[in-house]
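Student: For reference, the structure I am asking about is given below.
Each value in this text was obtained by applying a stated rule to the coordinates, not by laboratory testing. Every value quoted in this text rests on a predicted model; they were computed, and no experiment measured them. Note that each Cβ is placed from the backbone with ideal geometry, even for glycine, and that neighbours are counted across all protein chains shown.
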Ligand SMILES: [Cu+2]
């Protein structure tokens with residue numbers, strides 16, 4: 001029943017698309033300001049030739065778009081490649097010479113009949129007002145097709161003449177504040193997720209939760225930006241029994257969907273993926289879900305987590321069954337988490 005409905009819908013949409021021709025990949029809002037943070041929402045309007053579904057979206061971050069972070073998407077793995085910037089930037093008196101240079105959302109499925117956005121945040125730094133900042137984008141459709149948005153208009157040329165233009169942000173001059181209080185330099189608070197940075201004392205404000213041989217302590221999450229529908233969650237699980245157990249799923253009334261995720265560095269690439277097989281909690285061992293490693297990922301969060309909030313989560317273990325824990329929401333600690341150094 002449902003399938004039939006979708007197919008019929010798809011047929012109508014693809015005939016519309018073929019009569020209109022192909023829309024380009026662009027940003028929802030391309031009006032950015034020099035020396036400011038910006039949230040960019042890249043639109044992927046169609047799949048590859050022949051109506052193939054998009055399975056991967058790659059975005060190259062141009063010089064001048066620094067300290068960037070991608071927003072995770074349900075159903076997509078995420079990779080962040082780091083590298084050296086050509087220039088050295090300063091942010092809050094700190095020198096920034098390297099950082100993310102490319103994002104890849106992978107192993108997803110966006111049918112040609114549908115449209116989606118891929119969101120990331122970063123700071124525009126050292127880019128002249130009045131210029132366009134192009135982001136080269138590549139869509140992959142399995143191994144059967146690609147769409148590349150990488151053409152950059154030469155000075156004075158009309159970008160509309162390009163067949164596959166790279167999406168651009170139009171950089172405007174920063175407005176001068178008359179009032180003398182300058183908050184333009186502040187980078188937006190980092191997302192609750194994606195931090196491998198400083199997280200000092202998040203000791204349990206909550207008593208340990210016991211379930212059979214398992215003990216759960218120190219459950220926490222981090223405050224989110226307004227309108228940010230995605231965040232991470234963490235807890236420490238001790239298995240003092242003699243049998244292996246496994247965390248198989250998580251749910252929360254505060255989010256439409258909770259996934260079990262792993263984040264790991266491979267060389268200069270940070271990879272995040274969903275763990276379809278759950279998280280093993282072997283006999284006699286302690287498993288720590290923490291920033292930069294294993295975590296819960298909350299999608300479709302109804303109200304952004306704020307510092308001091310209590311987020312209820314129900315975990316399901318293979319042997320211990322359902323266990324309720326409460327995550328204490330901590331401050332996002334702006335300015336601390338984004339400078340993640342690794343050599
Ligand atoms: Cu995640």
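Student: Based on the Cβ-Cβ distance from residue 117 to residue 87, what FRET efficiency comes out when R0 is 22 Å, to the nearest 0.05?
Tutor: 0.15
Student: For all pairs of alpha-carbon atoms in the range 51-170, what percent lies in each bin of width 5 Å, listed from the first bin to the last filled one?
Tutor: 2, 10, 19, 20, 19, 15, 9, 4, 1, 0
Student: Quote to one decimal, in nm, the extra length available between residue 280 and residue 302 on full extension: 0.36 nm per residue of separation minus the C-alpha distance between them.
Tutor: 5.0 nm
Student: Once label points are set 7 Å from the Cα along Cα→Cβ at both residue 265 and residue 153, what is their separation, rounded to one decimal in nm?
Tutor: Distance between the two pseudo-spin positions: 4.1 nm.
Student: Please work out whether the range 209-330 counts as rounded, prolate or oblate from its C-alpha gyration tensor, where a ≥ b ≥ c are the square roots of the eigenvalues and a/c under 1.5 means rounded, while otherwise a/b larger than b/c means prolate and anything else oblate?
Tutor: oblate
Student: Once fully extended, how much extra length lies between residue 175 and residue 208, figured as 0.36 nm per residue of separation less the alpha-carbon to alpha-carbon distance?
Tutor: Here the answer is 6.8 nm.
Student: Follow-up. So between residue 95 and residue 244, what do we pick up on full extension, going 0.36 nm a residue minus the alpha carbon distance?
Tutor: 49.0 nm
Student: Still on this structure: Need one number: nm distance between label points at residue 63 and residue 322, each 7 Å from Cα along Cα→Cβ, rounded to one decimal.
Tutor: 5.7
Student: Restricting to bridges with both residues inside the range 2-172, how much of the DSSP beta-bridge set is antiparallel, in percent to the nearest 5?
Tutor: 90
Student: Sort 286, 236 by Cβ crowding within 10 Å, fewest neighbours at the top.
Tutor: 286, 236
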